[in-house]
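Before any comments, here is the structure.
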Amino acid sequence: MAPSAIEPFYSDRDGLALEDLSDDIDAVNVLKDQLKKEKAMHEKSEFDAEKDKTQFRQYEEACDRVKNFYREQHEKQSVAYNLKARNDFKFKSRASMTIWEAMEKLNTLIDESDPDTSLSQIEHLLQSAEAIRRDGKPRWMQLTGLIHDLGKLLFFYGAEGQWDVVGDTFPVGCAFDKRIIYPDTFNGNPDHDHDIYGTKYGIYTPGCGMDNIMLSWGHDEYLYHIVKDQSTLPAEALAMIRYHSFYPWHSASAYMEFMDEHDHKMLEAVRAFNPYDLYSKSDDVPSVEVLKPYYLELIDEFFPNKVIKW
Ligand SMILES: O[C@H]1[C@H](O)[C@@H](O)[C@H](O)[C@@H](O)[C@H]1O
Ligand SMILES: [Fe+2]
Ligand SMILES: [Fe+2]
């Protein structure tokens, strides 16, 4: 009798002890995972190092389609146009659809400003997200890669062309910096020689913060507002979206005088994101159907409402 009385006692305890231990192991693994991801966020990605950067953004050698696009954009993105675009955005309603439906809708747009890819937008979005995922970056950043260009939907909702949707961005209301691509094409912009908009600081003051700078209207600013209001994505993700086309700032270090303290942290995030946007353009074409289930789940994690107001 004695052994059978003791046996359950010990086996129970063993069971308990093992359970406790496995809880601890789980907790340690979660922590380890988190640390790995944090570390990866701050390290230069392997992905970045593998690429021959001289293959990308070669605007001098770009075709006429790209050159004409930027001439038109640089001539038309004025303060007056930007105020009007923001007003239209606030007071006009567009469409309601899920993130995935938006990706599919965008698929017919071929970006005229892009010298590096002629792939469809859904493929570019998946390439960016997959590159981020392969490098073990956090899930919120993978999702940011997946959606970062969805603002190009604007093209279907009242844009005047592609010039107010795609392409690099730059501040309006102060002098156009020489580090913007094709800087001479700003000569035809009505603000170029303006008494205030044509001066170094224009309508701004040094240190005013990027939040207070009016960036040329397009897919970044538009999507930023949608995502800020309708997702639980962190500040870094919002900055990646809002500034990913602001190459003169994040890649050429122009307009640094306007930054505030918060912007320095955000710049780091935007710079960490950029290689996945740019250099993934030479990766293999992803299979939309294979990847769809993984990304549908990821979308649900950060967008509480399935249907988004665009
Ligand atoms: O041509 C590209 C494209 O339009 C991207 O979506 C934008 O983010 C880049 O800044 C631009 O260079
Ligand atoms: Fe973009
Ligand atoms: Fe992109």
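The values are calculated or read from the model by the stated rules, or taken from the named source; none is laboratory data. Because the structure is predicted, anything quoted here is derived from the model rather than measured. Backbone-built Cβ (ideal geometry, glycine too); neighbour counts: all protein chains shown.
Applying a threshold of 6 Å to beta carbon distances and a minimum spacing of six or more residues, or different chains, the list of pairs starting in region 228-250 at a residue that is in contact (Cβ under 8 Å) with a residue 40 or more places away in the chain and closer than 30 Å to K178 by Cα and ending at one that is away from ligand 3 (no atom under 16 Å from the Cβ) and small (G, A, S) reads P248/A254.
What about I132, is it within 24 Å of N274 (Cβ to Cβ), touching a helix residue (DSSP H, G or I) at 6+ places or on another chain (Cβ under 9 Å) and outside any loop (DSSP other than H, G, I, E, B)?
Numbers: within 24 Å of N274 (Cβ to Cβ): yes; touching a helix residue (DSSP H, G or I) at 6+ places or on another chain (Cβ under 9 Å): yes; outside any loop (DSSP other than H, G, I, E, B): yes.
So I132 fits the description; yes.
Report yes if some residue within region 284-293 is free of Cβ contacts under 8 Å to residues at least 12 places away in the same chain and more than 21 Å from Q127 (Cβ to Cβ); otherwise report no. Taking every residue of region 284-293 in turn, none turns out to be free of Cβ contacts under 8 Å to residues at least 12 places away in the same chain and more than 21 Å from Q127 (Cβ to Cβ).
For region 92-126, filtered to residues that are more than 21 Å from A159 (Cβ to Cβ) and modelled with pLDDT of 95 or more, the residue that is farthest from ligand 3 (Cβ to nearest atom) is T98. Under the condition of being hydrophobic (A, V, I, L, M, F, W, C), within 16 Å of ligand 2 (Cβ to nearest atom) and not in a helix (DSSP H, G or I), the residues counted in region 83-115 number 2.
Checking the structure you have, find out if any residue of region 178-190 is surrounded by 15 or more Cβ atoms within 10 Å (Cβ to Cβ), within 15 Å of ligand 2 (Cβ to nearest atom) and among the β-branched types (V, I, T). Looking for residues that are surrounded by 15 or more Cβ atoms within 10 Å (Cβ to Cβ), within 15 Å of ligand 2 (Cβ to nearest atom) and among the β-branched types (V, I, T), one finds at least one in region 178-190, hence yes.
Of all residues in region 143-163, those being within 11 Å of ligand 3 (Cβ to nearest atom) and assigned to a loop (DSSP other than H, G, I, E, B) number 2.
Using the structure shown, decide if T185 is hydroxyl-bearing (S, T, Y), at pLDDT 95 or above and not in a loop (DSSP other than H, G, I, E, B). It is true that T185 is hydroxyl-bearing (S, T, Y), at pLDDT 95 or above and not in a loop (DSSP other than H, G, I, E, B).
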